[in-house]
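Okay, so here's the structure we're looking at.
No lab work stands behind these numbers, since they all come straight from the coordinates. The structure displayed is predicted, hence computed values, not measured ones. Using ideal geometry, Cβ is built from the backbone for each residue, glycine included, and neighbour counts are taken over all protein chains shown.
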C-alpha cells in the first residue's frame, strides 16, 4: 500500500469526507511537524507536515 500511495497519481480537486471515513481509522499527532495515519486495513504511515 505504501508503494502505491507514493507512486499513485491520485489528484483530488476537493476534500471527500466519505472517502476519508472509508479508508482511515485514525490520525494521531506525533509532533508539531509529523502525524501518524492509521488505515482501516491496519497499514500505518507517518507523514511530515509542511512548516511555515
Note to self: Out of everything in segment 34-46 that is surrounded by fewer than 11 Cβ atoms within 10 Å (Cβ to Cβ) and touching a residue at least 12 places away in the same chain (Cβ under 8 Å), what residue ends up being farthest from residue 1 (Cα to Cα)?
What the structure shows: 46
Note to self: Take the residues in segment 1-32 that are outside any helix (DSSP H, G or I), surrounded by 10 or more Cβ atoms within 10 Å (Cβ to Cβ) and in contact (Cβ under 8 Å) with a residue 12 or more places away in the chain; name whichever of them is nearest to the chain's Cα centre (by Cα).
What the structure shows: 24
